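Read through the structure below, which is laid out as structure tokens, and then see the notes.
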Amino acid sequence: MIIFEKKRKQLIQDYEQLLILKNWYEKIAEEVNRSYILEKVEKRGRQLIDQLNLLNANLVKIQEDHEKLQQQQQKLHKNLLEEHKLLNEYFENFS
């Protein structure tokens, strides 16, 4: 009977150790999973930042092109007004 009691206590201790190891393993697995998720989120975040930087560079280029076009339009409009003025003067002098 004493032998069975000792074995029973040993089995209980072994079971408690097993539970401790199981909990430790689960925590480690959670940490690994969390680290993996964080790594993936950080990688995706860097990709999104790169895409936003590219979009920003494209937007700056578009704005620069737009400004150049506006300047050209203003220049053309000024030239057109000047030509219109010269034509008016020509027809006034001709008549």
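The values are calculated or read from the model by the stated rules, or taken from the named source; none is laboratory data. Given the structure is predicted, the values throughout are model-derived calculations rather than measurements. Please note: Cβ atoms are built from the backbone with ideal geometry, for glycine as well, and neighbour counts cover all protein chains shown. Note: areas computed on protein heavy atoms with side chains; ligands, DNA, RNA excluded. Shrake-Rupley method; radii C 1.70, N 1.55, O 1.52, S 1.80 Å.
General observations
- Working note: 222 nm ellipticity from helices only, DSSP H runs with n ≥ 4, each -39,500 (n - 2.57), summed and divided by the residues of the chain, gives -37500 deg cm²/dmol to the nearest 500.
- For the stretch 1-83, with +1 on Lys and Arg beta carbons and -1 on Asp and Glu, the positive-most of Asn58, Ile28, Gln71 along the dipole: Ile28
- Dipole magnitude of the stretch 38-95, debye to nearest 20 (Cβ charges: Lys/Arg +1, Asp/Glu -1, about Cα centre): 460 debye
- Bridgeable lysines around Lys75 (alpha carbons under 17 Å apart, same-chain partners fewer than 8 residues away excluded): Lys85.
- Rolling a 1.4 angstrom probe over the chain with all protein chains present gives an accessible area of which 61% lies on carbon and sulfur atoms.
- Between the entries (i) 1.87; (ii) 1.00; (iii) 0.94, the label attached to Rg/Rh (Cα atoms, Kirkwood Rh) calculated for this structure is (i).
- In degrees, nearest ten, helix 2-94 long axis to first principal axis of the chain (Cα): 0 degrees
- Accessible area expressed per residue, the chain, with surrounding protein chains retained (probe 1.4 Å, Å²): 104 Å²
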